[in-house]
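The values are calculated or read from the model by the stated rules, or taken from the named source; none is laboratory data. A quick note: this is a predicted structure, and the numbers were derived from the prediction, not measured. Cβ sites come from the backbone with ideal geometry, for glycine too, and all protein chains shown count toward neighbours.
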Amino acid sequence: MNAAAVAPDWRPTYATRWAQTVATVLQTTYPYASQHVSADADDVDVTPVRLHPAFHGSFDWHSSAHMQWSAVRLLGRAADHLAPAARGELVRLLDERLTPQACEVEAAYLRRHPGYERPYGWAWVASLAAATAGSTVPGAERWAQATRPLFDTVADLLTDWLPRLAYPVRHGEHSNLAFGLALVHEAATALGREDVTRLVEERARHWFGADTDYPATWEPGGSDFLSPALCEADLMGRVLPPGEYAAWLAAFLPHLAEEGDPLLTVPEVLDRTDGKAVHLYGLGLSRAWQLRRIAPIVDEERRRRIATATRAQVEHVEREIVVGDFMSTHWLVSFALLAVDP
């Protein structure tokens with residue numbers, strides 16, 4: 001979708017500020033949440049750069065991965081609007097992190113810990129690999145060569161795991177399966193892993209194809225940064241043919257973008273320093289992204305409501321993306337980029 005059709009040009013105002021935020025948080029080593037499971041008494045050193053030479057900084061592994069995705073996206077889609085110093089800093093950081101040696105350490109870690117960061121971190125690593133492979137930034141081929149084996153590791157882990165998963169996880173945080181599968185499907189399509197795209201499509205139909213009358217009034221949960229309803233709707237829009245998808249969406253969210261639809265509201269945050277509470281800032285951005293992706297298939301009146309609501313959701317979070325607490329700044333740029341440039 002052409003972002004200009006759904007949102008004003010964000011690049012003159014935000015590109016450099018967001019790039020500076022990405023660089024700052026990636027170089028903020030602590031606090032860091034390792035989520036490392038120690039195998040024994042000798043496996044307790046969780047020094048971030050030792051465990052994760054590619055994905056340290058930015059509070060945790062998955063945020064480091066998707067903030068590097070943000071760097072690649074900014075370099076590619078906002079190059080003419082980035083201050084030279086900001087552009088150079090992003091390139092330097094990616095050159096330091098996305099090396100064959102660092103990415104092999106990360107791949108080996110995933111092979112030893114096959115449930116680590118599943119599926120959210122996997123999805124962002126896949127997106128990062130696809131972004132580097134599709135980038136025209138000078139030198140990006142080095143990042144693509146380094147991240148491709150890491151992507152293939154994730155793809156292999158995913159194809160082993162999904163057939164053994166009895167039920168999907170539907171809540172609004174990292175384990176949400178539909179969100180992860182949507183990003184992996186997009187990346188695998190770009191990178192030519194047809195086995196992965198076919199499996200995602202088959203599993204999505206199996207788990208979600210018969211869903212109807214989703215209770216949107218139950219959203220949001222107090223720490224959601226994803227809408228379970230919209231994650232599922234976005235995934236099915238990727239795997240179903242247009243006509244079939246339109247019928248599925250009408251049955252799944254029959255009141256989407258009607259007056260009073262709770263999915264159009266701006267989530268409320270009462271504590272800007274609480275890492276779980278500020279998830280709701282991300283919820284506004286992820287809603288904006290997914291609603292804008294869905295908008296072309298609904299009628300004109302609903303599209304107008306979506307345009308109004310998504311603009312309000314993005315504007316509500318603007319300040320927190322770059323000057324909020326570290327619990328916000330270490331990750332929100334990525335979701336802002338999705339929201340303004342679907």
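Data for the structure
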item	result
The one condition in (1) out of contact with any helix residue (DSSP H, G or I) (no Cβ under 7 Å at 6 or more places or on another chain); (2) within 21 Å of H113 (Cα to Cα); (3) among the small types (G, A, S) that G180 fails to fulfil	(1)
1 or more residues free of Cβ contacts under 8 Å to residues at least 24 places away in the same chain, under 19 Å from P342 (Cα atoms) and hydroxyl-bearing (S, T, Y): qualifying helices (runs of 4 or more DSSP H) within region 1-111	11-26
Sole residue being in a helix (DSSP H, G or I) and surrounded by fewer than 22 Cβ atoms within 10 Å (Cβ to Cβ), chosen from R272, R287, R292, R305	R305
Unique match (being part of a helix (DSSP H, G or I), among the acidic types (D, E) and either more than 30 Å from H113 (Cα to Cα) or in contact (Cβ under 8 Å) with a residue 24 or more places away in the chain (or both)) among E173, E232	E232
Considering residues of region 54-84 that are at negative phi and of a type in the set (S, T, Y) only, the residue surrounded by the most Cβ atoms within 10 Å (Cβ to Cβ)	S70
Residue among H316, H330 that is closer than 24 Å to S64 by Cβ and out of contact with any Cys (no Cβ under 6 Å at 6 or more places or on another chain)	H330
Residue match in region 219-226 (condition: closer than 25 Å to A187 by Cα, buried (at least 22 other Cβ atoms within 10 Å of the Cβ), modelled with pLDDT of 95 or more and out of contact with any Phe, Trp or Tyr (no Cβ under 6 Å at 6 or more places or on another chain))	yes
Where a residue in region 145-168 is crowded, with 17+ Cβ neighbours inside 10 Å and its partner, wherever it lies, is among the hydroxyl-bearing types (S, T, Y) and not in a helix (DSSP H, G or I), with Cβ under 6 Å and at least six apart	A146/T99
Residue list for region 254-269, filter: in contact with a Phe, Trp or Tyr (Cβ under 9 Å, 6 or more places away or on another chain) and either closer than 18 Å to A339 by Cα or not in a loop (DSSP other than H, G, I, E, B) (or both)	P262, P267
Filter result for E141 (out of contact with any Phe, Trp or Tyr (no Cβ under 8 Å at 6 or more places or on another chain) and at pLDDT 95 or above)	yes
Region 129-143: number of residues that are assigned to a helix (DSSP H, G or I) and surrounded by fewer than 21 Cβ atoms within 10 Å (Cβ to Cβ)	4
